[in-house]
1. Using θ = phi - 60° and the Karplus curve 6.51 cos²θ - 1.76 cosθ + 1.60, what whole-Hz ³J(HN,Hα) does each residue of segment 103-113 get, with Gly and Pro shown as x?
2. Peptides 14-20, 49-55, 135-141: what's the order by average Cβ count within 10 Å, highest mean first?
3. Loop-only check: which chymotrypsin sites (Phe, Trp or Tyr not before Pro) in segment 68-144 are DSSP coil with at most 14 other Cβ within 10 angstrom?
Amino acid sequence: MSQINGFYAYATILGILFVCGMGVPIPEDITLISAGLLAGIGNISLTGGMIAGYVGVLVGDMLLFFIGRKFGRNLFLLPFFKTIFTPKRIAKAEEKIHKNAHIVCFTARFLPGLRAPIYLTAGILRVKPAVFIFQDGLAALLSVPIWIMLGYWVGDNLNRALEIAKEIQIYLFSGLFIFVLLYVLYKRRQSAKVPIENQI
């Protein structure tokens, strides 16, 4: 990938991220790190890499979401989707979305194994487009720069970047777990409060 530059580099980044967004098991994080590597060795600009990474991630996610909204559960019967979205993964995605669409659409970006089925299921379950786009876009604003800057900082050493990526993922998952836990505790506390009018 270090041999490509300019337009072809941007097109490759966008294309791979688009395919990742469709649920094909290609590591999205590695693609973003590679974009950072290309920026680090001067094949593309850092700003251009950021834009290509963000647009590629968001467009792929949105397409999967709107496919779900348009075609509904019949998608799961098609050979392509049936192979990628197993009944077990779909069931987990539905369970998470039913509990809280807002938080799920945000946190799904940090869950590689469940990301695609959650986005597709969010569309099937008719989550509001504005909610999905805002939450997913906000999460991408956090995740995309992290991976691209990692690649940019390590230069052309992909192996070193992947080692650091594993450490970052641990911190991300830990932070995500704490965030979700605090959110759940907050929601439970709010639901446990008795309205004043009910106390009279």
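Values in this text are rule-based calculations from the coordinates and carry no lab data. In this text the structure is predicted, and so the values were computed from the model without any measurement. Here the Cβ positions follow ideal geometry from the backbone for every residue, glycine too, while neighbour counts run over all protein chains shown.
1. Along segment 103-113, the couplings run 5, 5, 5, 7, 6, 4, 4, 9, 10, x, x Hz.
2. The peptides rank, most packed first, as 49-55, 14-20, 135-141.
3. Hits after loop and neighbour filter: nothing returned.
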